[in-house]
Each structure stands twice: as structure tokens, then as C-alpha cells.
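Here's the structure we're looking at; comments come further down.
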Amino acid sequence: MGRKTAVIIGVGPGLGMSMARRFGDEGFRVAVLSRSGTRHAAYLADLAERGIEASAHAVDVTDGVRLGAVLADIQRAGDIELLYYGPGATQQPRPIAEIDAASVRASFDWVLPAVDAVRVVLPGMLERGSGALLFAGGLSSVRPMPMLGQLALAGAALRNYALTLNAGLAERGIYAGTLTIGGLVERGDIHAMIAADPDRFGGAAGHTLDPDDLAEAAWRMYRDRDRAEEVFDVLGDAEVR
């Protein structure tokens, strides 16, 4: 088998690539997954410049069959030691007083693939007695943000899944944790969109997070395994109400 692999699901130019670089710098082989392969060549070139062995895979996480097949292929090349799940929700939020069962049900299309991914990689981790599962979610999972409506419910479910996995697996050598993010992640697509149109979206100054700092926290969580959650909150008075 090859070196241990870190799988980064939902890679983008912000946090996803910071995670890939950080774990790659620690000697992991890296596999990056995103819905489109358009930017994969640039990602692989970036990682190669740092001496990081990497592969890239185009997969829509809502396609469970394709996701499972890609993860199985990666696993054949080397043990998956880390699974990071970080895709953002694609559904537009509705205020909490306007949601219905259908909109809530649809919001879980973002959460359920995390369970599918874990189901693929967890048996190997349990067999080895080693591995880690990391997730990224939003601050609405711990703080009421009514304008995020159904997405807050889905985010809370993902956070609870991560924390409960950790409670259930820690004694078997498996770590699980979550990055709870309240702020705009620099270099990410959403940050770029907002920065490009401040008249429409308002200024982002003072409400951004450096993805390298988030990735460093993720590495420490993986290494130390002394906490299952790290909360980042730079929203302050700008939080959605």
C-alpha cells in the first residue's frame, strides 16, 4: 500500500486547498474532490510545487454511486487516514418562518453525502484502528440565525453527526471533529463574489478568516485529538439575524 491519504471533499481555492497543502506538508498523499474538474490542473500544479503527491477527481457528492466508486479507487491506492468533508450548501436559504418540510428535506442533500462517504472509508479505519473524519459547517449550527432557515437545521445535523461519531468511535482509535465557521473564508469563491460587488453585498473587512489558519487548526485537532470542535467567529454584529 502507498502512503496514508488525506481525502479533501469539496476542494476550492480557499479552505479546501489550504487543507490539502497542510496535510500534504505533513507527508500525506492528497486526493482532492470537487463537483467540476475545471480547476483541478491548477490545484495539482500547486501541490506538486510543494512536493505533495496528489490526485484530483470530479464528482458531485449527491451522486452516491459515483462518490463511493471514487473513494474506493482512492482507497486502493493507499489507506485513507483522513476524510475531510467541506462542500458548501448550494440551496438558497429561506427565513425560518417561511420554511416547509420540502425545503428542509432538500437542505439535507448537503448533509447525507457526508454519511455516504463515511460509510465507505470507516470500515478500513476500524480495521486498522486509525483514522480521522473532519467536517466543516457554519455558525448557524450553534447560534440562531433565522435568515438561514433550513440551512441552519441541516448544519446543526452535520455538526451533531461529527460530535456523535467522535463519541462513538474514539475508543476504537478513530477521531471525528468539526470546524464551525462564522465568517467569510478568504480566497474562497463566496469571498471573491462578495469582494467583487461590495455595493450589493456590503464590505467584508473585519469579517474574514484566513483558510490557512483554519487548516492549521484542523491539523492540530487531528494531531492532538483533545477536542471535537473548533469554533471560528468573526461575524460579531454582522451575523445574520
Where Pro123 falls short, out of the listed (1) in a helix (DSSP H, G or I); (2) of a type outside the set (D, E, K, R); (3) touching a helix residue (DSSP H, G or I) at 6+ places or on another chain (Cβ under 6 Å): (3)
Kindly indicate whether any position in region 121-136 is open to solvent by 10 Å² or more (accessible area, probe 1.4 Å), over 30 Å from Asp224 (Cβ atoms) and of a type in the set (S, T, N, Q). no
When region 1-51 is checked residue by residue, the ones that are buried (at least 19 other Cβ atoms within 10 Å of the Cβ) and more than 18 Å from the chain's Cα centre (by Cα) are Leu47
Taking into account only those residues within region 70-94 that are more than 16 Å from the chain's Cα centre (by Cα) and within 19 Å of Val111 (Cα to Cα), which is surrounded by the fewest Cβ atoms within 10 Å (Cβ to Cβ)? Gln92
For region 95-110, name all the residues that are part of a loop (DSSP other than H, G, I, E, B), open to solvent by 40 Å² or more (accessible area, probe 1.4 Å) and either touching a helix residue (DSSP H, G or I) at 6+ places or on another chain (Cβ under 8 Å) or closer than 30 Å to Arg225 by Cβ (or both). Ile99, Phe108
Tally up the residues in region 33-88 that are touching a strand residue (DSSP E or B) at 6+ places or on another chain (Cβ under 8 Å) and outside any helix (DSSP H, G or I), please. 24
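The values are calculated or read from the model by the stated rules, or taken from the named source; none is laboratory data. Computed from a predicted model, the values in this text were never measured in an experiment. Positions of Cβ are backbone-derived with ideal geometry, glycine not excepted, and every protein chain shown enters the neighbour counts. Remember, those area values only see protein heavy atoms, side chains included, never the ligands or the DNA or RNA. Shrake-Rupley method; radii C 1.70, N 1.55, O 1.52, S 1.80 Å.
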